[in-house]
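For reference, the structure discussed in these notes is given below.
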Amino acid sequence: MNRFKVDIKNLKQTEELAKKLAFIIEKYNGGLLFLYGDIGAGKTTFVKFLAKYLEIQEKVTSPSFVILNEYHSGKVSLYHFDLYRLEKEGISSIIDEIQEYTEDDNSLTIVEWASYFQDKLPEERIEITIDYAEEETRVFSFNAFGAKSKQICDEIKG
């Protein structure tokens, strides 16, 4: 496991972190990100910045009510899940589906509210927790699991 933190002081730094990660994700032909954080921490904002730098052409929105948004116009396909509104039974019904999306080459699968998905975590993944430090400040904590994810995180740390 590979752990590190990035202190973010403003929205511009959030965008710069997303830009760097998007470039690396493209280089590695995708990956799996699990996002953790309170409501309003910036999970969807971070996803929107990632999509921008992956050259996704569609408008990226939160999939809170639809569970999954798919975008295929960028450098990699983006599958954006939001598990917030699912009950335990609902989560168990889509675990295999999420796993299938992670097996698609040249795609990035992002799961918001990943804390609801704790039963069968894929071995290859990056977990990102976004915490409030102050009003504008956030701390992004990265945990990498699996060889590819560790390589991606090593490049993020630079």
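Quick notes
- Exclusive hit being in contact (Cβ under 8 Å) with a residue 60 or more places away in the chain and in contact with an Asp or Glu (Cβ under 9 Å, 6 or more places away or on another chain), set ASP38, ASP7: ASP38
- Among the residues making up region 41-55, those that are outside any loop (DSSP other than H, G, I, E, B) and either without any contact (Cβ under 8 Å) to a residue 60 or more places away in the chain or out of contact with any helix residue (DSSP H, G or I) (no Cβ under 7 Å at 6 or more places or on another chain) (or both) are LYS43, THR44, THR45, VAL47, LYS48, PHE49, ALA51, LYS52, TYR53.
- Whichever residue in region 72-95 is surrounded by fewer than 19 Cβ atoms within 10 Å (Cβ to Cβ) and within 20 Å of GLY30 (Cα to Cα) and, among such residues, is modelled with the lowest pLDDT: ILE95
- Among the residues of region 7-22, none is identified as in contact with a helix residue (DSSP H, G or I) (Cβ under 7 Å, 6 or more places away or on another chain), of a type in the set (A, V, I, L, M, F, W, C) and surrounded by fewer than 18 Cβ atoms within 10 Å (Cβ to Cβ).
- Some residue of region 34-53 being aliphatic (A, V, I, L, M), more than 17 Å from ASN143 (Cα to Cα) and loosely packed, with under 15 Cβ neighbours inside 10 Å: yes
- The test for being modelled with pLDDT of 85 or more, in contact with a helix residue (DSSP H, G or I) (Cβ under 7 Å, 6 or more places away or on another chain), surrounded by fewer than 16 Cβ atoms within 10 Å (Cβ to Cβ) and of a type in the set (Asp, Glu) holds for GLU155.
- Subset of region 1-56 (residues that are touching a Ser or Thr at 6+ places or on another chain (Cβ under 6 Å), of a type in the set (Val, Ile, Thr) and either at pLDDT below 95 or under 16 Å from GLN151 (Cα atoms) (or both)): THR44
- Members of region 124-158 that are without any contact (Cβ under 8 Å) to a residue 40 or more places away in the chain, touching a strand residue (DSSP E or B) at 6+ places or on another chain (Cβ under 7 Å) and more than 15 Å from GLY30 (Cα to Cα): none
- Test: residue in region 96-108 that is more than 14 Å from the chain's Cα centre (by Cα) and either among the hydrophobic types (A, V, I, L, M, F, W, C) or at pLDDT 95 or above (or both): no
- Residue in region 3-22 that is closer than 23 Å to GLU100 by Cα and of a type in the set (Val, Ile, Thr) present: no
- Of the residues making up region 1-40, those that are assigned to a loop (DSSP other than H, G, I, E, B) and over 15 Å from VAL111 (Cβ atoms) are MET1, LYS9, ASN10, TYR28, ASN29, ASP38, ILE39, GLY40.
- Subset of region 109-146 that is at pLDDT 95 or above, surrounded by fewer than 17 Cβ atoms within 10 Å (Cβ to Cβ) and of a type outside the set (Asp, Glu) - its residue that is farthest from TYR71 (Cα to Cα): VAL139
The values are calculated or read from the model by the stated rules, or taken from the named source; none is laboratory data. Only a predicted model underlies this, so the values are computations on that prediction, with no experimental measurement involved. Every residue, glycine as well, gets a Cβ built from its backbone with ideal geometry; the counts of neighbours run over all protein chains shown.
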